[in-house]
Every structure is written in structure tokens, then in C-alpha cells.
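Input: a single structure, listed below in C-alpha cells.
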Amino acid sequence: MNPDKLQAKLQEAAARFQEVETQLGDPSVATNPSELERLGRLHAELEPLHLTLQRLKQIDSQLADAREMEHAESDAELIAMAREEINALSAEREQRLADAQKRLLPKDPNDERNVIIEIRPGTGGEEASLFAGDLFKIYSRYAERRGWKYELLDAEPSDMGGYKYITMSVQGHGAFSQLKHESGVHRVQRVPVTESGGRIHTSAATVAVLPEAEEVDVQISPEDLEIDSFRSSGPGGQHMQKTESAVRIVHKPTGITVSCQDERSQQQNRERAMRLLRAKLYEHYQQVQASERDQLRRGQIGSGDRSEKIRTYNFPDRRVTDHRVNVTLHNLEGVFDGDIQPFLDALIADEYSKRLEEV
């Protein structure tokens, strides 16, 4: 961003910060919880920019004094001290401007949201179903590492312990900002448990990461819903469901269908299905309102073909490669234990770089 433009943006942010502080002191705001919360979030967002501008003004004043001393002094030691201070202040100024620029870039409005993750096997048969289960474990362990809460919303097991699909939620501050780049086709190269000859196979699973919507984000009219109950599929024996506790919901205006059968209580399944429906409707309406996001979900996951990979998990070489940022970790066990932060950091940095180029 042009330095003059950046300075102007900082001044605008500082002026807005002062306005928000004044508004927060208004007695009418104190009695309006929603407005108080909105202004509080805005205040927290603008305060670092306000403080940055104040510090930049101090730095500029100190730089002017140090440069004046550098030219006015004849003592070599004092001149060296002045130059050292100039270098330190200039470095701090550059760093603060870089941080401010990052804060001023347009944000993804969904970055602070919780997420719903859908995992489905792609090509590879039963091995792909097993890999879908592995991906669920990766994201579960990642959530635990971050101190976040995760929840299995729905799943259908496959015959050999894998999954025909898995839907989970991850709840934590900034979950979407961290996990949104996981959307796409994940490819695994290993000897399947079904392979008697010891040959390496390549299989795939697709991941779609959706921002979880709140009730206030999506208004759902009861008459637009078609709700059915059915008996859960799954393991038989003593755990066989004797009642129709599973729930399927169809949103008639859009045709979006969701189901949940993981809980024994029909009410719990219904609540989880509604959460998933809200997330899908939220994404659907975003697509309609923003043409550039049209077909986002299909763009996220592709067809599930092995060639459409975003990341490859290679067992023979014990390595994992993210093809979008060309990052390889020789830490297969760690990745399968949820240690995916190096990939996420590289992807977030790449996103920031591209957004900066656009500006």
C-alpha cells in the first residue's frame, strides 16, 4: 500500500476510534446490549491502529531529534549513538507500518466464525473411506491442540471402519480463518489394509469447510421446511436403534437437504441438523449475493478425483506436501496427530500476500 495512503487510512481509523469512544460513553448505548457489543468490537479493532498512529508520531519526533544531533555534533561517539538510535527507530517504524497495513487490509467477514467441516471419500473405494476417517482425526486433534471444542454432527460408517461421510463442527475463536484453506481434495499414498500384495495405492477424500451461521444470520421460516424422521443406519446388535430418532430436513425454497442420525435423541438430531442447514443456507445466500463466489462449494472440493489434489500424504516417504504453497513436512505422524499449523500459517501468509497485491 502506498505510504501516503497508509498514513491517511491510519488517520481515518484513529478519527473513527475517537468517535466510537464518544459513542460508548453515551448513556443510551449502555442500555442497548447489541449496540454496546457492536461498538465494543469496533473499539477493540480500531484501538491498535489508534495506538500505532500515536507511536508513529512519537517515532517521527524522535527521529527528527536524532538526525539533528547527528548533523550538529562533532563528537564521534555521540554521532554513532545518534545513528544507532536512527536505525532502531527506523526499523520500528517500518515494522509498525507493516503491522498496520496488515490490519487495514479488507478482512474476510467469516474469519472469526466457527466452522462446519464435511469430509467425503473420493476415488479409492474402501481405502478412501478409511482416509476420510483419518482426516476427521486430524481435525479433531488440531482442535484439541488449539483448545477448541469439536463435535461430530453426523456420520455414516463404511463396512471396514471408514466413513461414507462425516460432518463435524469446530468451535473456537478464528476457527474459519485457520481452517478455511483445508477445503479441497486430499490425497493419500499408502498400502491399503485391503491390499494383500503390498502395493501402494493412491486414494482421495474431499473436504469442504463452511462458516457456521448464527440464527440471526439466516432467517428460516418453519413453513419452508419439510422434516422427516427415520431409523438410523449403523451397527446392529444391542445398539440397533429401535425408534426413528434420525432427522432429515429439506429447505423447500432452495432444495438444500441435511440429515443427522448420530444422536439417540430425535430432538438432539434435529438441533444439529438445523445448525448444518443454517450453515449451508448462509453459504448459499452468500453465493447468490456475490457473483464472484458462485459455485464456491464445488470449487472447494472439486470432483474428488485424485488428480485434483491440494495436499498429498505420502506414507512410503513419511512426508506431507501442500501443493498450493509448495510446503513439505517430513512429519507424517505429527500431521496425523493434528500438527497442521505449519501448512495453515503458510496458506494464511499466501492469502495475505495475494490480498496485498490486489490492494
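Looking only at residues in segment 18-64 that are of a type in the set (A, V, I, L, M, F, W, C) and over 31 Å from the mean Cα position of the chain (by Cα), the one that is nearest to Gln101 (Cα to Cα) is Leu56. Within segment 56-70, the set of residues being among the aliphatic types (A, V, I, L, M) and touching a residue at least 24 places away in the same chain (Cβ under 8 Å) comprises Leu56, Ile59, Leu63. Step by step: first the residues of segment 26-47, then only those that are assigned to a helix (DSSP H, G or I) and among the acidic types (Asp, Glu), then the one that is modelled with the highest pLDDT. Which residue is that? For segment 26-47, the residue satisfying everything is Glu47.
Answer with yes or no whether Pro192 is in contact with an Asp or Glu (Cβ under 6 Å, 6 or more places away or on another chain) and either among the basic types (Lys, Arg) or under 21 Å from Thr123 (Cα atoms) (or both). In short, yes. Ser90 falls short on exactly one of the conditions (1) polar (S, T, N, Q); (2) surrounded by 13 or more Cβ atoms within 10 Å (Cβ to Cβ); (3) under 30 Å from Glu212 (Cβ atoms), and that condition is (3). If you go through segment 182-217 and keep only what is of a type outside the set (Asp, Glu), over 21 Å from Glu333 (Cα atoms) and either within 18 Å of the chain's Cα centre (by Cα) or not in a loop (DSSP other than H, G, I, E, B) (or both), you end up with Ser183, Gly184, Ala208, Val209, Leu210, Pro211, Ala213. Here the condition is being assigned by TED's automatic domain parsing to the domain that holds His181, among the acidic types (Asp, Glu) and either at pLDDT below 95 or assigned to a helix (DSSP H, G or I) (or both); of Glu127, Glu85, it holds for Glu127 alone. Starting from segment 212-237, take each residue that is more than 25 Å from Ala155 (Cβ to Cβ) and at pLDDT below 85 and list its partners that are surrounded by 14 or more Cβ atoms within 10 Å (Cβ to Cβ) and not basic (Lys, Arg), counting only C-beta distances under 8 angstrom and pairs at least six apart or across chains. Partner pairs satisfying both residue conditions: Asp217/Tyr282. Checking each residue of segment 15-25 against the condition of being outside any helix (DSSP H, G or I), surrounded by 14 or more Cβ atoms within 10 Å (Cβ to Cβ) and touching a helix residue (DSSP H, G or I) at 6+ places or on another chain (Cβ under 9 Å) gives no match. Selection of first residues in segment 37-55 that are touching a residue at least 12 places away in the same chain (Cβ under 8 Å) and of second residues that are of a type in the set (Val, Ile, Thr) and assigned to a helix (DSSP H, G or I), restricted to Cβ pairs under 6 Å at least 6 apart or on distinct chains, gives the following pairs, ordered by first then second residue: Leu39/Val20; Leu42/Val20; His43/Val20. Within segment 74-124, if we keep just the residues that are without any contact (Cβ under 8 Å) to a residue 40 or more places away in the chain and under 22 Å from the mean Cα position of the chain (by Cα), the residue that is farthest from Gly162 (Cα to Cα) turns out to be Lys107.
For segment 253-265, a residue qualifies if it is crowded, with 16+ Cβ neighbours inside 10 Å and not aliphatic (A, V, I, L, M), and the qualifying residues are Ser259, Cys260, Gln261, Asp262, Glu263. Those strands (runs of 3 or more DSSP E) of segment 259-349 in which 1 or more residues are farther than 30 Å from Asp99 by Cβ and at pLDDT below 90 occupy 309-314.
The values are calculated or read from the model by the stated rules, or taken from the named source; none is laboratory data. In this text the structure is predicted, and so the values were computed from the model without any measurement. When we count neighbours, we look across all protein chains shown, and the Cβ atoms used for this are built from the backbone with ideal geometry, even at glycine.
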